[in-house]
């Protein structure tokens, strides 16, 4: 369930206060968005803007794996550097991701916009399927899709 569903007597302002507290304590937060067919789940960071780096987004992953991916890359973005547009990165546990800048972050990152304004920047961590195919390939997940790409690929 969503926070608002679990707390019907609370307001969005209450949630933003809770989000700010999480960001103060941990540096950033991961906001999950539950999927409902035909829309897959997705998640994004809130708080990386304060470090001067783009927020991160993952679509088409269940919320726990998405949070792990985003938290790992948020830490690297803050401590080392954010992934560069077009960069293809092998993952330690197997698989690869490609960094794709969002075309219109303010259309997708509702709570990041609420805290930092509509000029935020964001990068999607697009992941290849188990066979190494990308979502822009017709055979991604054997044609089942399920990972919307929210930006335009740049080859770095």
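What the table below lists for this structure:
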| read-out | value |
| --- | --- |
| Any hit, the range 51-62, residues being in contact with a helix residue (DSSP H, G or I) (Cβ under 6 Å, 6 or more places away or on another chain), crowded, with 21+ Cβ neighbours inside 10 Å and either at pLDDT below 95 or on the phi > 0 side of the Ramachandran plot (or both) | no |
| Filter pass, residue 42 being at pLDDT below 95 and within 21 Å of residue 95 (Cβ to Cβ) | yes |
| Residue tally, condition modelled with pLDDT under 95 and either loosely packed, with under 14 Cβ neighbours inside 10 Å or part of a helix (DSSP H, G or I) (or both), over the range 23-33 | 0 |
| All positions within the range 51-63 that are over 11 Å from residue 31 (Cα atoms) and part of a helix (DSSP H, G or I) | 51 |
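The values are calculated or read from the model by the stated rules, or taken from the named source; none is laboratory data. Given the structure is predicted, the values throughout are model-derived calculations rather than measurements. Because the Cβ atoms are built from the backbone with ideal geometry, glycine has one as well, and the counts that use them run over all protein chains shown.
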